[in-house]
1. Yes or no: the stretch 170-189 includes at least one residue that is modelled with pLDDT of 95 or more, among the aliphatic types (A, V, I, L, M) and closer than 26 Å to Y45 by Cβ.
2. Of everything in the stretch 43-68, what is open to solvent by less than 20 Å² (accessible area, probe 1.4 Å) and either over 19 Å from L109 (Cβ atoms) or free of Cβ contacts under 8 Å to residues at least 12 places away in the same chain (or both)? Give them in sequence order.
3. Only residues that are under 23 Å from E58 (Cα atoms) and either open to solvent by 10 Å² or more (accessible area, probe 1.4 Å) or in contact with a Phe, Trp or Tyr (Cβ under 6 Å, 6 or more places away or on another chain) (or both): list them for the stretch 162-178, please.
4. Of all residues being of a type outside the set (D, E) and within 14 Å of L281 (Cα to Cα) in the stretch 291-320, which is surrounded by the fewest Cβ atoms within 10 Å (Cβ to Cβ)? Just the residue, please.
5. Would the stretch 179-201 turn up any residue that is in contact (Cβ under 8 Å) with a residue 12 or more places away in the chain, within 20 Å of T239 (Cα to Cα), open to solvent by 30 Å² or more (accessible area, probe 1.4 Å) and in contact with an Asp or Glu (Cβ under 8 Å, 6 or more places away or on another chain)?
6. In the list M73, M91, which residue meets the criterion of being crowded, with 18+ Cβ neighbours inside 10 Å and either touching a residue at least 24 places away in the same chain (Cβ under 8 Å) or not in a helix (DSSP H, G or I) (or both)?
7. Can you name the helices (runs of 4 or more DSSP H) wholly within the stretch 321-437 that have at least 2 residues being among the hydroxyl-bearing types (S, T, Y) and open to solvent by less than 70 Å² (accessible area, probe 1.4 Å)?
8. Which number in (1) over 23 Å from D361 (Cα atoms); (2) outside any loop (DSSP other than H, G, I, E, B); (3) open to solvent by 40 Å² or more (accessible area, probe 1.4 Å) marks the one condition that K159 misses?
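The values are calculated or read from the model by the stated rules, or taken from the named source; none is laboratory data. Quick caveat: nothing in here was measured; it's all calculated off a predicted structure. FYI the Cβ positions are ideal-geometry reconstructions off the backbone, even for glycines, and counts take in every protein chain you see. These area figures cover heavy atoms from the full protein model, side chains too; ligands, DNA and RNA do not enter into them. Shrake-Rupley method; radii C 1.70, N 1.55, O 1.52, S 1.80 Å.
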Amino acid sequence: IKAELADHSIIKGFMIIKPRGYAIWENIQQNFDKQIKKIGVRNAYFPLLIPEEFFKKEAKHAAGFAPELAWVMDEEQKEKYALRPTSETIMYDSYATWIRSWRDLPLKLNQWCNVLRWEVKQTKLFLRTREFLWQEGHCVYETDEECENETRLYLEEYKNICEKLLAIPVLAGEKTEKERFAGAKRTYTLEALMPDGKALQMGTSHNLGQNFAKAFNIQFLGRDGKKYSPWQNSWGISTRLIGAVVMMHSDDKGLVLPPKVSPLHIVIVPIYTAENKEKILKKANEIKNSLKPYSILLDDRDEYKPGWKYNEWELKGVPLRMEIGPKDIAKKQVVLVRRDNNKKEFVKMSQLDKKIKNSLDDIQNSLYNRAREFLNSNIVSSTDFNDFLKKIKNKKLVKAFFCNNIKCEDLIKDKAQGATSRLILFQQPKKIGKCIYCNKQGKALVIFGKAY
C-alpha cells in the first residue's frame, strides 16, 4: 500500500491495482505475450458469464469449482450464470463448433482477463482476492504426445518469467492426485518459497487429456477419415506474481524491484539551492535525455528535501538512485546508489551509460542468486514422520517419499499444521522408499510444505 502498488476496495475481498502495480503486470504481460506468440498462440476474448449447464458437463470440474462460484440470474430467461472462475467450459463450447478436421488443429488460444472466485475468506493483496487478473491459455491437439510436450513447454515459459524477469527461483514438478486441477489428467506446477517459510504456487499448466473434449463433444475428422476426440491443455499465471515479487525481495525500507520488471529503472534526485537550481536541473535533464534505453524520472519537486525523496524512492523500490549536486558537476560525476544493497558509488559522467547497464544487470542477478541460496538452504529431506513434523514446524520445504493416496495426504495435512504436497519432483531417484506417513511402499519423492 505504501509503495502505491495497490489498495483495498470498499467491496470486501476485492482489490484496486494502482498504476505502479499495474505497470509491473504490463511488463509481465508484454514479456510473456511475446513468448507465446512465438509458439503460435493467438489472443482472444470470451464472455464473463458461463451458463450453469456448462459446469454440469464435466463432473469433476463442476465439483472442484462449486464452492467458488458467484452467480447472476437472468429473470426473464430463467437462466443462471456463473461469473467465470476459469474459462474451460465457455471456450470449449465454441471449440466444439469451430473444430471439424485435423486441419483445424492445433488450435492455440489465450485470453488476458479477470476471474472471480467467491470462496476466499481471508484476502491478501495480490496473493488471494476474490477477483484477480490473469492469462489463461487453452490449446487443442491432434495427438496426446503433442499435447503433453506443449503442456510442459508452457510451464518452462513460466519458469523463464519467474527466474529471468522476476528473479524468483522456482521448483518445477507435477501435482499429486489430490492437488490436481479439477478434471485434468495431469497438473504441472511451479512453486517458490517466500521468506516467511510458505510456498507460493507461481503458475500451473494442465494436461486435460480428452476429458473436456468428450464432455463438450469436441471431435475432429482424422487423417484416416475417422472421428476422434482431441487432446487439450490449459495454463495460467496471475497477478499473484506481483505479490511474490513484493515478498521475495523487499526489506524493512520497503519495496525492492528487479530492474527487468520495474516500471522505473532510475530516479534522479538533484541537490540544489535557489542560487544554483537552474544549473543543476539543466545538467540533470541532459543526463536524463542521454540515457534513452532506461525508464528515468527526474524528481525536481521543490516541496520535498533530498533526504525525504531518498526515503520515498527506497520505499517504492526503484533499482537505482542518482544524486547530482554542485560538487558533482564540478567533478563531472554523479552518485549512484543501489536499492538492493544500498551501495553508493561515484561515477564519472562519461562512464555513466556503461555503469548503469552493469549495475542493473548485477542487481537483477544478485536478487536472483540471493533468493536461490535461500530456497536451496530451506529444502530438507525426511524419512521419519516425527522428524518431518519438526521440519515443517521450522518452516522448511520437506522432501519425503509418498504413496500418493488422497486419504493419506489428508491425514498428513491434519497432523502437519496444514502442510500440503507442493509437487512431485520431475527428477526422481531410482529407488523409492516407504511413504513418510503410512509406511507403505511410496510412489514418488514429493515436496511438502505450508503454502499460501
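1. Within the stretch 170-189 (the criterion being modelled with pLDDT of 95 or more, among the aliphatic types (A, V, I, L, M) and closer than 26 Å to Y45 by Cβ), the answer is no, since none of the residues qualifies.
2. F55, F65
3. Listed by number, the residues that qualify are E174, E177, K178.
4. Only one residue tops the list, namely R301.
5. Yes, there is a match, as at least one residue in the stretch 179-201 is in contact (Cβ under 8 Å) with a residue 12 or more places away in the chain, within 20 Å of T239 (Cα to Cα), open to solvent by 30 Å² or more (accessible area, probe 1.4 Å) and in contact with an Asp or Glu (Cβ under 8 Å, 6 or more places away or on another chain).
6. Values: M73 fails: crowded, with 18+ Cβ neighbours inside 10 Å.
Checking each option against the conditions leaves just M91.
7. Working: elements: 326-331, 352-377, 385-393, 406-415.
Ranges flagged: 352-377.
8. Going through the list (1) over 23 Å from D361 (Cα atoms); (2) outside any loop (DSSP other than H, G, I, E, B); (3) open to solvent by 40 Å² or more (accessible area, probe 1.4 Å), K159 breaks only (1).
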